[in-house]
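Undergrad: This is the structure I want to talk about, given as structure tokens.
The values are calculated or read from the model by the stated rules, or taken from the named source; none is laboratory data. Please read all numbers here as calculations on a predicted model, not as lab measurements. Here Cβ is always computed from backbone atoms with ideal geometry, including for glycine, and neighbour counts include all displayed protein chains. We work out accessible area using only protein heavy atoms, side chains counted, and drop any ligands, DNA or RNA first. Shrake-Rupley method; radii C 1.70, N 1.55, O 1.52, S 1.80 Å.
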Amino acid sequence: MGISTKEISEVIRERLKDFDASLVATDVGRIVATSDGIAQIYGLQNAMAGELLEFPHETYGLALNLEEDQVRAVILGDYGHLHEGDEVRTTGRLLEVPVGEELIGRVVNPLGQPLDGKGPIKTTKTMPIERIAPGVITRKRVDSPVQTGIKAIDAMIPIGRGQRELIIGDRFTGKTTVLLDTIINQKGKDLICVYVAIGQNAASIARATATLEENGAMDFTIIVAATASDAASLNFIAPYAGCAMGEYFMEQGKEALCCYDDLTKQAWAYRELSLNLRRPPGREAYPGDVFYLHSRLLERAAKMSPANGGGSLTALPVIETQANDVSAFIPTNVISITDGQIYLQSDLFNAGQRPALNVGISVSRVGGDAQTKAMRQVAGQLRLDLAQYRELAAFAQFASDLDSQTRSQLERGARLTELLKQDKYQPVPLAEQVAVIYAGTQGFLDKVPVARVREWEAGFVRFLKSEQKDLLAEIEKQKALDDALFERLKAAISTFNHQFGVEDAKAAPDKGKAADAAKPGDKAQPKAQSPAAKPEPKAEAPAPEAKAAAPAPLVTKAEALAPEAKAAAPAPAAKAEAPAPEAKAAAPAQVVAKAEAPAPEAKAAAPAPAAKARPSPKDEGEERPSQLNQIRAALADSPAAPAAESSAVEPKPKRPRKPKA
């Protein structure tokens, strides 16, 4: 039976009635060459800068160079399977990454693909990695802190929510530790953290992930990992991907923190891409827009106004320096973009100061606005005092004698420096920081030996947790100290000091007391008290004249008042080529070795310039009048001194002593 044309036409009409096809307009091009992660593509006349391109086998790229007859694009990921002649299509959209609550607790690559083996991420929302930063009108003043749990940072260089604080230093100075401590300290708080690892080896990222899991921090943390073995394009887009994930929470009215570890590696990756894209190199071979690379990323950190959701995004970028050179190209760029920097110095790190914070050039340009009132009350002058201590400590290395005020300042600074040390991954709560820093700045630790400051701190914290829980809870609740809290805090410190045995520390004087005992005036005191006991066996002189030589302990060189004792005690360094009477006159002045003083009056004037350790001008001005008065009084009380002197001098010409070789 044949099929009529009418039936065929009816079937065709029915099928065309239900046919629905959307029109998709795409530009199609062909790969000309691929090398070093860069694809040269012919065609794609309508491609946009930064547009996402689709390569075969579900591979994507980013169009960066739009040239006259071709497009140069970076390939995101592996490119070994791409060959010349393969087809490339435009997508009409920018590069996007998945965002949402589902990412919390996961480790993903810069494209949002999971790396932790916990299965696919079921999220339905995406955001472009490149966005325009919020405007000034939509922002709010930074007024609330990000508690890092690090005493030195929270007390001296506070970080605010919505701020951009740079962490800068050489390799192995503890930059990543500061970031991880900050993330761990957010446990139980309302801050969602995004940790972006750029250019690190996979083992380091695995250790950081394990550390966060052990401390229960992965419950509010997203890790974006671009390892050193990944393509340079992934290292380039990793910070933008992490920022987009954090911006999602900011737009929801929540608080987010992005840690970029570190942007130096991103700059290296961008330099590599730019050179492969045949862009002209500039300073240190970086392209001309390397400043824009970091500024458009960090400007997206903001504190939004209540009318715009009230959320915030805080940025903690890390920059690695070479040999402490903060004046290099990339460090100066990021310093000028951010709102302050925390400078970690390798010399301090090697000296055992952890964190190795250089207080002199570290700064937060937000300042006290990003600090709780309680911390401002107890740590107001701490930063300035420590900076002055560092300068004084460097100067004191070359000074033989220091006044008491300088010594006390050095002792206080040494204890504060020891007090600010802390172990890694052990953040300190706010109330404990306030109590400990108050004790240090108010001088309650001045009697504690420097070597026992850490022991005192650990014991004091245990004491507060066991016997003063309500005090810590009150400080944590009010976040400010009133007069009643100050008194309770002082009483708690005094009670613990008594238990710690600080009063018993006087038996083992600390360095400040030992230095006071070593002043020049006191050092000569034993010599001034015992002239009759020491030179008397050699000087055959009567005791009354010897008594006149020791009227007061401050007369350090008052041995001239006992001429008969001086006759038998010539200066050790004296090269006496004269008879004994002349040598006797030169004896009191040990430094003026060749002085030939013929008259007894010269003996009274000679001791002044012969000080072994010259006192400070202040001490010298106080001691000199008392010395002259005591010398005059001694001369007035001993009229027989000239006679004794002549009697002691007469036997000498009979047996002139030969000068020692």
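Undergrad: Out of curiosity, is residue 348 open to solvent by 10 Å² or more (accessible area, probe 1.4 Å) and touching a strand residue (DSSP E or B) at 6+ places or on another chain (Cβ under 8 Å)?
TA: Judged against the criteria, residue 348 is a match.
Undergrad: On to the next question. Of all residues in the stretch 32-54, how many are over 46 Å from the mean Cα position of the chain (by Cα) and hydrophobic (A, V, I, L, M, F, W, C)?
TA: 5
Undergrad: Take the stretch 101-113 and flag every residue that is in contact (Cβ under 8 Å) with a residue 60 or more places away in the chain, more than 17 Å from residue 240 (Cβ to Cβ) and surrounded by fewer than 20 Cβ atoms within 10 Å (Cβ to Cβ).
TA: 104, 105, 106, listed by residue number.
Undergrad: Which of the residues belonging to the stretch 348-374 are at pLDDT 90 or above and among the charged types (D, E, K, R)?
TA: Those that are at pLDDT 90 or above and among the charged types (D, E, K, R): 354, 365, 373.
Undergrad: Looking at the stretch 426-448, which of its residues are more than 16 Å from the chain's Cα centre (by Cα) and not in a helix (DSSP H, G or I)?
TA: Passing the criteria: 426, 428, 429, 442, 443, 444, 445, 446, 447, 448.
Undergrad: All but one of (1) closer than 30 Å to residue 38 by Cβ; (2) buried (at least 24 other Cβ atoms within 10 Å of the Cβ); (3) touching a Ser or Thr at 6+ places or on another chain (Cβ under 8 Å) hold for residue 157; state the number of the condition that does not hold.
TA: Checking residue 157 against (1) closer than 30 Å to residue 38 by Cβ; (2) buried (at least 24 other Cβ atoms within 10 Å of the Cβ); (3) touching a Ser or Thr at 6+ places or on another chain (Cβ under 8 Å), the one that fails is (1).
Undergrad: Mind telling me which of the residues 107, 32 ends up being in contact with a helix residue (DSSP H, G or I) (Cβ under 7 Å, 6 or more places away or on another chain) and of a type outside the set (Gly, Ala, Ser)?
TA: 107
Undergrad: Filter the stretch 436-477 down to the residues that are open to solvent by less than 20 Å² (accessible area, probe 1.4 Å) and hydroxyl-bearing (Ser, Thr, Tyr) and list them by number.
TA: Passing the criteria: only 438.
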